[in-house]
């Protein structure tokens, strides 16, 4: 059983579409991270959340602690958003858990 | 700041050899993380340090793996002896706080033949 589940696993969208990637977790957490990994392999940390919502440009991340769920939204998607998006949580006892990632392809 | 620096970027070695991966975290960051990424298992946390002290090494796969952080600006991950199943990309990341934003290095792609 995975402590962090992401959906969908793969997503293809047309440029300009609104995109949502979901993350559910089963452990108590102190923080949730959204990571972006580009085709070249580099990993970038997009957001760190412990409650509420954060926005950075066209990216929005929300978290519902009671429901143990987070979403990453991309507005007006662009081909350069094509990447793998990984949800990670820091649980109690200093444990970190990772989702398997959502592979996003945005077609021009 | 140059960001997190890892070396080498690529390493090819033969089974049984010792491999040492190096990481320089961002100055002022108190936390350093070592990750491994494979197609089969995705991203896995191997070990992390706080103020040069290992906090959680439960992700280290076996005794062949060891990590050290002799000072705030340098860490190593050593595999001895290496095996083909160790082939992966190894990332180092650092952060100011334990739950804070982590900054990743470019990774070291290890191939064990």
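Place a label point 7 angstrom from the Cα of residue B:71 along the Cα-to-Cβ direction, then list the residues of the range B:19-49 whose backbone nitrogen is under 11 Å away.
From the range B:19-49, the list is empty.
Just to be sure I follow: if Rg is taken over the C-alpha atoms of the protein assembly as shown and Rh is the Kirkwood radius over the same atoms, what is Rg/Rh?
Values: Rg = 17.4 Å, Rh = 17.9 Å.
With Rh from the inverse mean 1/r over Cα pairs, Rg/Rh is 0.97.
Out of the DSSP beta bridges found with both residues in the protein assembly as shown, what percent are antiparallel (nearest 5)?
Details: 77 of 86 bridges.
About 90 percent, rounded to the nearest 5.
Please state the Cα pair-distance histogram of the range B:12-113 with 5 angstrom bins from zero: what percent is in each bin?
With 5 Å bins starting at 0, P(r) equals 3, 14, 25, 26, 18, 10, 4, 1.
Mean separation of Cα pairs under 8 Å and 6+ residues apart, divided by the residue count of the range B:8-113: what relative contact order is that in percent? Please list the in-between numbers first.
Numbers: 252 pairs, mean separation 39.5, N = 106.
Once divided by the residue count of the range B:8-113, the mean separation gives 37 percent.
Other chains' Cβ within 10 Å of B:95-101 residues: what's the mean? Walk me through the numbers on the way to the answer.
Values: counts 3, 0, 2, 5, 12, 5, 7.
For peptide B:95-101, the averaged partner shielding equals 5.
Between residue B:57 and residue A:5, what is the label-to-label distance in nm when each label sits 7 Å out along the Cα-to-Cβ direction?
3.5
Could you check the simple spin-label distance between residue A:66 and residue B:20, using points 7 Å along Cα→Cβ, in nm with one decimal?
5.4
Pull out a ≥ b ≥ c, the square roots of the eigenvalues of the alpha-carbon gyration tensor of the range A:12-108, then state rounded if a/c is under 1.5, prolate if not and a/b is larger than b/c, and oblate in the remaining case. The partial results should precede the final answer.
Numbers: a/c = 2.28, a/b = 1.67, b/c = 1.37.
In terms of gyration-tensor shape, prolate.
Once each part is reduced to its C-alpha centroid, what is the distance from the range A:35-108 to the range B:1-60 in angstrom?
22
Among rounded, prolate and oblate, which fits the range B:71-112 when a ≥ b ≥ c are the square roots of the eigenvalues of its C-alpha gyration tensor, a/c under 1.5 means rounded, and a/b larger than b/c means prolate? Don't skip to the end; give the middle numbers.
Numbers: a/c = 2.98, a/b = 1.98, b/c = 1.51.
Because a/c hits 1.5 or more and a/b exceeds b/c, the range B:71-112 counts as prolate.
Read-outs throughout are calculated quantities, based only on the coordinates presented, and are distinct from any laboratory measurement. In this text, all values refer to a predicted model and were calculated from it rather than measured experimentally. Neighbour counts run over all protein chains shown; Cβ positions are idealised from the backbone, glycine included.
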